[in-house]
Structure formats: C-alpha cells, structure tokens
1. Kindly provide the set of residues from the range 125-168 that are under 23 Å from Tyr241 (Cβ atoms), open to solvent by less than 50 Å² (accessible area, probe 1.4 Å) and more than 16 Å from the ligand (Cβ to nearest atom), ordered by number.
2. Name the residues in the range 194-210 that are within 14 Å of the ligand (Cβ to nearest atom) and open to solvent by 30 Å² or more (accessible area, probe 1.4 Å), would you?
3. For the range 222-257, how many residues are within 16 Å of the ligand (Cβ to nearest atom) and either under 16 Å from the mean Cα position of the chain (by Cα) or aromatic (Phe, Trp, Tyr) (or both)?
4. Got a sec? Which of Val82, Val104, Val100, Val142 is at pLDDT 95 or above and within 23 Å of Ala228 (Cα to Cα)?
5. Please name all residue pairs, on different chains or six or more residues apart, with Cβ atoms under 7 Å, provided the first residue is in the range 209-234 and is under 26 Å from Glu127 (Cβ atoms) and the second residue is assigned to a strand (DSSP E or B) and among the aromatic types (Phe, Trp, Tyr).
6. Please go through the range 170-193 and pick out each residue that is away from the ligand (no atom under 14 Å from the Cβ) and more than 23 Å from Ala92 (Cβ to Cβ).
Amino acid sequence: MNRLSTAQLLTMSATITLLAGCNVQTTKPDAPIAQASLSSPKVLVEHKDPSPHGSGNVTSDVTEKDKRDQLQIANKPDDVAVLVNKQNKLPANYTPSDLVEPNVPFIFKEKEERRLMRKEAAKALEELFNAARKDGIDLAGVSGYRSFDSQKSLFTYYISVQGEETARQYSAEPGHSEHQTGLAMDVSDTKGTCAAEDCFADTPHAKWLDKHAPEYGFIIRYPKGKEAITGYNYEPWHIRYVGTDIARTIQREGITLEEYHQRKTELTKK
Ligand SMILES: [Zn+2]
C-alpha cells in the first residue's frame, strides 16, 4: 500500500466529499487528485489465482474479531450475486481474476484501477451506456473497481480526519466495499455534474438508470427508503451488476440485494 504524502492528504481534504457506501472521493474533471492515486500504482491487476471462480480457501480470513462481530465472509466472492455490506465481507486477499476496462467514457483521463470492472460486468456496462446514449442520456464512469488496499488507505484517511465513529457512518471498512468486487460502478453524466452527489438523483440520467439498468443486469444498489436494510444512504449513482435475472427480480419486487438473499435463504430452508 502506498503511503499518502502530506501534500496528497492536504489536496484530498480540499476536494473530498463525504459519501455513504461509495466513499468515493468526488473527482470533478478539473480536479487533479484522483481516486486511485490512493492505491497501488499498477493499473491492471496481476492474477495469481488462475481459477475463474473462487480464490480458494477463505476460512483463514475469519478472525476472532470477525466471529465476535458476527461477520460473514463471502465464500463465493466471484459469484455475481455476492453480498457485500456491513455484515458481509470479502476475503481480505480477494482480487477478481478477470478485471478489464470497459470501453465507455470516464470523467477522468488517468489510467487507474477505478476504470476496471469484471469482464461480464464491463460488457454489460458498455451495453447499458450504449442504450442510454440512444435515448439521449450520455453516461460516464466515475469509480469502479477498488482494491482492498485502496479502500484501506481511504478508510484510514477518513478516520484520521473525522474520527472513527463518524468515518464509519459513510465509509466502508476494507473488505466491505462493493467496489472491491469489480461489479460496481459509480456513474454520472459525461461532465461529472453531481458525480457521486445527492443532486444526481434529480438528473434525467438517474431516472433513466432507475428504469433501465436492470435490463442490462444492474441494480441501484442503495435505493431510497431502504437505508435501514442496506446500511447506506440513497445512492442513485452506484450501480451494481448482478445479472439480468436477479436485477429484474429485484426491480419487479422492489427489494434490495439483501432482501433477495434473505428470500433465497428462506426458500432453501423450506
Ligand atoms: Zn459506489
């Protein structure tokens, strides 16, 4: 993990916007500091695990503290339906094995890890953005994949300036960010107006996504009115790939990914 220089921290503190599940630093097109400057300098991740499905034995990641906190460790972190939230974490060493850069516009120029998504999600994102463009909605990527170490740097930074209690209200602990799955992307218009900000909710882009994202396998992961279930405020810009079947079910039923998993668990118990 890179250590942040004082200059970086100072610039960050000037540009940072406090956010919920994403805790992405809002990067306006003219802002020099970029999210992934917090992270490992390599853009494309080396894949040590050749298996496309699973990073092997994950039980070693369950610490005594996890047990005390009743945390669940995802045993299928490569499943597109994987649940990652405040109670469910990814294995610490988890890195998706098939990260690629989707061919879509981004609101920043730098070649950084936050351009990346898992292959299937990246392809779906391209289709989603193309469909939006046909309807006159130009979308751009703001922040996709984020490694465990990037999240750790960010979370540590928030704690250093806000204190732990406050930081935890909007920032995900390392291992608990959906961005580490490579299945999430924060989006905005191509100018980055309201990028990862509440005002995005009032844009035609947010309305289009709310209606059409499930057709391409994405859900609005943190919907309005479901804060108590997801653990995060409404984030109309954070879309999460789950595949079209699950996304359509979630949209039709008006539920969250948490509720989808809960129902599935109940069905298997019967
Ligand atoms: Zn996000």
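1. Residues of the range 125-168 that are under 23 Å from Tyr241 (Cβ atoms), as a first pass: 125-135, 137-151, 154.
From the residues that got through so far, the ones that are open to solvent by less than 50 Å² (accessible area, probe 1.4 Å) too are 125, 128-129, 131-132, 137, 139-148, 150-151, 154.
The answer is Phe129, Ala131, Ala132, Ile137.
2. Glu197, Asp198
3. Taking the range 222-257 and keeping what is within 16 Å of the ligand (Cβ to nearest atom), we get 222-224, 226-227, 230-242, 256-257.
Narrowing the set further to residues that are either under 16 Å from the mean Cα position of the chain (by Cα) or aromatic (Phe, Trp, Tyr) (or both) leaves 222-223, 230-242, 256-257.
Here the count works out to 17.
4. On the way: Val104 fails: within 23 Å of Ala228 (Cα to Cα); Val100 fails: within 23 Å of Ala228 (Cα to Cα); Val142 fails: within 23 Å of Ala228 (Cα to Cα).
Unique residue meeting the criteria: Val82.
5. Partner pairs satisfying both residue conditions: Gly217/Tyr241; Phe218/Tyr241; Thr230/Tyr222; Tyr234/Tyr222.
6. Filtering the range 170-193 down to residues away from the ligand (no atom under 14 Å from the Cβ) leaves 173-175, 189-193.
Correct list: Asp189, Thr190, Lys191, Gly192, Thr193.
The values are calculated or read from the model by the stated rules, or taken from the named source; none is laboratory data. All values reported here derive from a predicted model rather than from experimental measurement. Using ideal geometry, Cβ is built from the backbone for each residue, glycine included, and neighbour counts are taken over all protein chains shown. Note: accessible area is taken over every heavy atom of the protein model, side chains too, but ligands, DNA and RNA are not part of it. Shrake-Rupley method; radii C 1.70, N 1.55, O 1.52, S 1.80 Å.
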